[in-house]
Every structure is written in C-alpha cells, then in structure tokens.
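Reviewing the structure listed below.
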Amino acid sequence: MTPIRSLATIVAVLALAIPAAAANSPPAREGAATAVAHEELGRAFEELAGQLRGLGARFREHFLPGDPQDRPLITLMLHYRTELALTPQQVDTLERLRSDFQREAIRRDADLRVAEMDLAALRRREPVDLGQVEAKVREIERLRAEQRLARIRAIEQGKGQLTPEQREQLRGLLAGGLAPHRL
C-alpha cells in the first residue's frame with residue numbers, strides 16, 4: 001500500500017471512529033479524565049499533522065518541479081543514454097553513483113524519521129525541555145542538509161562523467177520538458 005493510501009485510510013478511520021466513539025460514550029463529566037482525554041487527542045492530531053506535513057514535503061519534492069539543479073540528472077542521463085551516446089563505462093559509473101546515493105538516502109531518511117519520532121516524544125513530556133527539543137530540531141535540520149548536499153554531490157559527480165558535448169546535449173534534452181524520474 002502506498003504511503004498516501006495508508007494515510008488516507010488512517011484519516012478515514014479517525015474521521016469515522018471519533019464521532020462514533022463520542023456518540024457511544026456516556027455524557028462527559030467535567031474533570032481530570034476529560035482534560036487528559038482532550039490532551040491525548042490533541043497530541044495525536046498534532047503528531048498526525050506532523051506526519052502529513054512530512055508526507056506533503058516528500059510529495060512536492062518527488063512530483064513538483066523545483067530548482068532545475070535539483071532535478072534527477074543521473075536518472076535522466078541514464079534515460080537518455082542512447083541520445084547522449086553514453087559509453088558502457090559511463091553507464092556503469094552513473095548506475096553505481098545512483099545506487100550508492102539511493103542506498104545512503106534510505107539510511108538518511110530512516111535516521112530522519114527516527115529523529116522526528118524522538119522529537120514528538122520530547123514534545124509529549126510535561127514539562128517540555130526546550131533545550132532537548134532545540135537540540136533535536138537542529139539534528140533534524142542537519143540530517144536534511146546532509147541529504148541535500150549528498151544529492152548535489154552525486155549530481156555533480158554524475159555530470160563529471162559526461163563530456164562537454166554530452167553535457168550540452170543533455171541541456172538541450174532537459175529544456176524540452178519535465179524529468180520522468182528521480183535520482
């Protein structure tokens with residue numbers, strides 16, 4: 001199941017379950033139990049909102065055109081291998097660069113997800129330790145920056161495999177439309 005379908009399923013279940021639970025529950029009594037329930041529900045929705053923001057960011061990164069320098073140039077080079085007249089050695093090197101990047105990207109993405117979970121746990125504590133939260137936010141942003149720099153390095157290494165004529169031809173091919181795949 002795709003992440004979007006999974007998320008849609010979760011949202012649909014929550015949308016159906018919350019009104020049903022409210023209808024079947026006895027009238028709420030004012031007090032600590034109600035406040036705790038509202039607080040837990042608020043935290044759950046806050047965490048869901050954070051996951052939705054992350055999913056939205058990944059969706060935009062994957063499907064919407066952004067900075068032309070961030071396009072999946074290695075995949076595009078391989079897609080246009082015939083038009084660019086890439087040598088077998090160039091193809092092997094580009095495939096290795098792409099595989100190495102993807103392998104590391106998976107590791108970095110897992111580290112980022114764990115850090116986001118840690119941040120959510122820190123924010124659920126009472127009282128919230130702002131020093132720990134700040135450190136975790138900085139760690140998350142560092143991980144994002146490392147991922148972006150790794151992508152730029154991989155793209156530059158890939159461009160370095162092309163001759164000046166091939167780079168010029170690739171520019172012409174890319175000027176014609178959007179990227180069919182990611183790096």
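A short reminder: the numbers here are calculations on the coordinates, not readings from a lab. On a predicted model such as this, the values are computed, not experimentally measured, just so you know. Every residue, glycine among them, receives a Cβ derived from its backbone with ideal geometry; neighbour counts consider all protein chains shown.
Couple of notes before you dig in:
- Here the Karplus curve 6.51 cos²θ - 1.76 cosθ + 1.60, taken at θ = phi - 60°, turns the phi angles of segment 135-152 into couplings of 4, 5, 4, 5, 4, 4, 5, 4, 4, 5, 5, 4, 5, 5, 5, 4, 5, 5 Hz, with x standing for Gly and Pro.
- Residue separation of A120 and A35 scaled by 0.36 nm, minus their Cα-Cα distance, works out to 28.6 nm of gained length.
- Distance between modelled label sites at R103 and A145, nm, 7 Å Cα→Cβ extension: 2.7 nm
- Extended-chain gain in nm, criterion 0.36 nm per residue less alpha-carbon gap, R138 and E83: 15.4 nm
- Inter-label distance, nm, simple model (7 Å from Cα along the C-beta direction), D129/I152: 3.4 nm
- Difference of contour (0.36 nm per residue) and Cα-Cα distance, T163 to F45: 37.3 nm
- Translational diffusion of segment 68-183, estimated by Stokes-Einstein from the Kirkwood radius over alpha carbon pairs at 37 °C in a medium of 0.692 mPa s, is 203 µm² per second.
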